[in-house]
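Shown next, in structure tokens, is the structure this report addresses.
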Amino acid sequence: MAKPMFDQDALISMFENATAKGSAQLQKAVSDATLKALQGRELTLKNIRSSLKSVSDAAGAGAAKNVAGLDVEDLLDKAVAGMDDAVLKAVDANRAALQQFVAQGADMRDKHLKKAIGDLEKMEDTFFDAMKKAAEGASAPLAGAWSQVLEKMQAGGTLTGTQAATTVEDLTAKMQTAVRDTRAASMRAAQAMAESYTAMVSGVLIGMSDAMQQGTAAKAPARRK
């Protein structure tokens, strides 16, 4: 499958030439770039982390050279918000797929399902890890700005993390309900069988008795006249 990537130079230029009036467009530009970076790739944590790192590097490079002298931290905040919006869509894609499995009676013990849910739980940490890598790879003062942004992210959380946690909780509850319903149906079936067991035995016994009587009658000698 092809791996469409975002235009790094275009994103750098957008941050470099952003003005106070047009800075609101940056969030959408970053969101679109992140989605393009993810398209055509498996939505693994590794690929998500790599895509976020590439986008954050481009945004940071442009923000560091902003010709209008805008606050770098504010620009990076918009970049993070855009990436959060894009990864939120990745969470929604995972949720839609997992809901289909649950509707089909998927078992929580299935290793693939357990891994998928585990990956959702790690989605926010993956986001934080990518931002840490961006901060570690940046030179001062950009590294300081990234650190401030990361600190705010960790304190307030992300939309991605909130949605992922809600999704995991919802799916887990649905699967547990499905398991309980299955067990309840099995118990009802077993109870119905138990309740009818006596009648079944009686019916079999009557049938056996009738057969024996018919056999006895057939063997009885004819009476003498």
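The values are calculated or read from the model by the stated rules, or taken from the named source; none is laboratory data. Not measured: the values here are computed from a predicted model. Cβ atoms come from the backbone with ideal geometry, glycine included; neighbour counts cover every protein chain shown.
Before moving on, here are some points about what is shown:
- Residues of segment 43-74 that turn out to be assigned to a helix (DSSP H, G or I), closer than 16 Å to Q25 by Cα, in contact with a Ser or Thr (Cβ under 7 Å, 6 or more places away or on another chain) and not β-branched (V, I, T), as a count: 1
- Criterion: part of a helix (DSSP H, G or I) and over 18 Å from M153 (Cα atoms) - qualifying residue of A10, A86, A79: A10
- Criterion violated by L75 - all others in (1) at pLDDT below 95; (2) surrounded by 21 or more Cβ atoms within 10 Å (Cβ to Cβ) satisfied: (1)
- The residues of segment 88-122 that are within 11 Å of the chain's Cα centre (by Cα) and aliphatic (A, V, I, L, M), listed by number, are L88, A90, V91, A93, A96, A97, L98, L113, A116, I117, L120.
- Residue tally, condition under 18 Å from K78 (Cβ atoms), without any contact (Cβ under 8 Å) to a residue 40 or more places away in the chain and small (G, A, S), over segment 27-50: 1
- Apart from one condition, K111 fits all of (1) surrounded by fewer than 17 Cβ atoms within 10 Å (Cβ to Cβ); (2) under 26 Å from K36 (Cβ atoms); (3) at pLDDT below 90; the exception is (2).
- Among the residues listed as V72, V91, V80, V55, the single one being over 22 Å from L120 (Cα atoms) and among the β-branched types (V, I, T): V72
- Scanning segment 128-162 for residues that are aliphatic (A, V, I, L, M), part of a helix (DSSP H, G or I) and surrounded by 13 or more Cβ atoms within 10 Å (Cβ to Cβ) yields A130, M131, A134, A135, L142, A143, A145, V149, L150, M153, L159.
- Reported count of residues in segment 31-87, each being small (G, A, S) and more than 26 Å from the chain's Cα centre (by Cα), is 9.
- Options A116, A64, A86, A58: the member that is without any contact (Cβ under 8 Å) to a residue 24 or more places away in the chain and surrounded by 14 or more Cβ atoms within 10 Å (Cβ to Cβ): A116
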